[in-house]
1. Considering only strands (runs of 3 or more DSSP E) fully contained in the range 20-106, which possess at least 2 residues that are within 26 Å of Gly146 (Cα to Cα) and open to solvent by 60 Å² or more (accessible area, probe 1.4 Å)?
2. Just one of Leu110, Leu119, Leu160 is surrounded by 15 or more Cβ atoms within 10 Å (Cβ to Cβ), modelled with pLDDT of 95 or more and under 26 Å from Leu75 (Cα atoms); which is it?
3. Taking only pairs six or more apart or across chains, which ones have beta-carbon atoms under 6 Å, a first residue in the range 154-165 that is farther than 17 Å from Arg80 by Cβ, and a second residue that is in a helix (DSSP H, G or I)?
4. In the range 137-152, is there at least one residue being crowded, with 16+ Cβ neighbours inside 10 Å, assigned to a loop (DSSP other than H, G, I, E, B) and modelled with pLDDT of 95 or more?
5. Residues in the range 163-175 that are open to solvent by 40 Å² or more (accessible area, probe 1.4 Å) and either among the basic types (Lys, Arg) or touching a helix residue (DSSP H, G or I) at 6+ places or on another chain (Cβ under 9 Å) (or both): how many?
6. Ile42 - would you say it is closer than 22 Å to Gly141 by Cα and in contact (Cβ under 8 Å) with a residue 12 or more places away in the chain?
7. Kindly provide the set of residues from the range 121-145 that are on the phi > 0 side of the Ramachandran plot and touching a Ser or Thr at 6+ places or on another chain (Cβ under 8 Å), ordered by number.
Amino acid sequence: PNDTLLDTLNIPPGNQTANQQFLRISEINYNPHSSVANAEFIELVNTGSVPLNLSGVRITEGPSTPFVFATPTTLNPGQRILVVQDISNFLARYPSVSAAQIAGVYTGNLNNAGENIRLEEPGGELILEFNYGDNDPWFAGTDGDGLTLELLNETNTSLLKMGKYYSWRPSAAFN
């Protein structure tokens, strides 16, 4: 019961945009295994039932330089899209992923010790923001040992709980 009130207070004020309601980061590879150079990525998913317009949406914290989604970029219901550190290395490591799923390349890298990730609408309104970490209670296997961070419940994880370690799990397979 209290979670609902707290979640409401931490959600951007006013009427929520579709992006604020349904866009979630679903997986992060912030410190790939040393055998997989420059294979970092951030995966986003549309958890709603309407297409999301990502044109101009920005990842302003996380990658060393903000990443801006190109115009036009639409994410259909249930669809996933990736922002990667290096397309060639990513596709070599994940050959089953279509290049069409990659929105683009970010400059720099994600912090291997954990950091804040922030998504903003083109006008600067907050979509979501959270911190991940690499120290206990976060998962050691995601810190250079070949596992990624996966959001446990993409549809029902509140914005408030995105930064809680118990909302995430290590991937089951070496990545």
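1. none
2. Only one candidate qualifies: Leu119.
3. That search, which allows pairs on different chains as well, returns Ser158/Asp7; Leu159/Asn10; Leu160/Leu6; Leu160/Asp7; Leu160/Asn10; Lys161/Ser167.
4. Within the range 137-152, not a single residue is crowded, with 16+ Cβ neighbours inside 10 Å, assigned to a loop (DSSP other than H, G, I, E, B) and modelled with pLDDT of 95 or more.
5. At the first step, the residues of the range 163-175 found to be open to solvent by 40 Å² or more (accessible area, probe 1.4 Å) are 164-166, 169-170, 172-174.
Keeping just the survivors that are either among the basic types (Lys, Arg) or touching a helix residue (DSSP H, G or I) at 6+ places or on another chain (Cβ under 9 Å) (or both) gives 164, 169-170.
Qualifying residue count for the region: 3.
6. Values: closer than 22 Å to Gly141 by Cα: yes; in contact (Cβ under 8 Å) with a residue 12 or more places away in the chain: yes.
Spelling it out, Ile42 is indeed closer than 22 Å to Gly141 by Cα and in contact (Cβ under 8 Å) with a residue 12 or more places away in the chain.
7. Gly144
The values are calculated or read from the model by the stated rules, or taken from the named source; none is laboratory data. Keep in mind the model is a prediction, meaning the values are calculated, not measured. Using ideal geometry, Cβ is built from the backbone for each residue, glycine included, and neighbour counts are taken over all protein chains shown. Note: accessible area is taken over every heavy atom of the protein model, side chains too, but ligands, DNA and RNA are not part of it. Shrake-Rupley method; radii C 1.70, N 1.55, O 1.52, S 1.80 Å.
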